[in-house]
Structures are given as C-alpha cells and as structure tokens.
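Engineer: I have a structure here, written as structure tokens, and I will follow up with some questions on it.
The values are calculated or read from the model by the stated rules, or taken from the named source; none is laboratory data. For clarity, every value in this text was computed on a predicted model and none was experimentally measured. All Cβ positions, glycine included, derive from the backbone under ideal geometry; neighbour counts span all protein chains shown. Calculation scope for accessible area: heavy atoms of the full protein, side chains included, ligands and nucleic acids excluded. Shrake-Rupley method; radii C 1.70, N 1.55, O 1.52, S 1.80 Å.
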Amino acid sequence: SYKVMLNGPAPWGFRLQGGKDFSMPLSISRLTPGGKAAQSGVGVGDWVLYIDGESTSSMTHIEAQNRIRACGDRLCLTLSR
C-alpha cells in the first residue's frame, strides 16, 4: 500500500467505483489526465483503503464521496495496487 496527499481545492481528478453497497472494494475507476491524482501517481484500478485515516472497508459509495468532500483543501488517501 502507499499514501498520497493531494493539495486542494477539489477537483481531485479521479472517479470512484464500488463500496459496501455494491459489495465491491472502493477503487479508482478513472483519472483525469494531468489531474492532481494522476500527478501523484494514483493508478486506475488502485483500491482505496483509507480516506483521511478512516478505513473504507465498511463505507458505502456515497459515504466515501461525502468523506472526500469533507476533506476541504487536503485529501490523504491510502491506496493499494
């Protein structure tokens, strides 16, 4: 696993898929070319393990989106390839 710190404000340059409500782990489904996530080395298909230190294992898709929105100007993600 690896950590990235994205400095805001949003947009962060990625799209999520999955979540507890989809019975799938949260993962990165798309990156904006040249966006903040892509520049930080985030890859399509990477699993999102933590959002700002909070485990995503029991998060629904919307909970994860809301958690990311609540981050403000700094988003810390722990990801796994």
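Engineer: I need the full set of residues from the range 1-31 which are closer than 16 Å to Leu75 by Cα, of a type in the set (S, T, N, Q) and over 12 Å from the mean Cα position of the chain (by Cα), in order please.
Structural biologist: Asn7
Engineer: So, in the range 45-81, of the ones that are more than 11 Å from the chain's Cα centre (by Cα) and of a type in the set (Val, Ile, Thr), which residue ends up most open to solvent (accessible area, probe 1.4 Å)?
Structural biologist: Ile62
Engineer: Quick one: count up the residues across the range 50-69 that are part of a helix (DSSP H, G or I) and of a type in the set (A, V, I, L, M, F, W, C).
Structural biologist: Looking only at that region, the number is 3.
Engineer: So in the range 1-33, with the set limited to residues that are free of Cβ contacts under 8 Å to residues at least 12 places away in the same chain and in contact with a Gly (Cβ under 9 Å, 6 or more places away or on another chain), which one is least open to solvent (accessible area, probe 1.4 Å)?
Structural biologist: The residue in question is Met24.
For every residue, the table says whether it meets (1) out of contact with any His (no Cβ under 8 Å at 6 or more places or on another chain); (2) of a type in the set (A, V, I, L, M); (3) in a strand (DSSP E or B).
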{"site": "Leu6", "(1), (2), (3)": "yes, yes, yes"}
{"site": "Trp12", "(1), (2), (3)": "yes, no, no"}
{"site": "Gly18", "(1), (2), (3)": "no, no, yes"}
{"site": "Pro33", "(1), (2), (3)": "yes, no, no"}
{"site": "Val48", "(1), (2), (3)": "yes, yes, yes"}
{"site": "Cys71", "(1), (2), (3)": "yes, no, no"}
{"site": "Cys76", "(1), (2), (3)": "yes, no, yes"}
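Engineer: Where residues in the range 35-44 are open to solvent by 60 Å² or more (accessible area, probe 1.4 Å) and not in a loop (DSSP other than H, G, I, E, B), which of them is farthest from Arg81 (Cα to Cα)?
Structural biologist: Lys36
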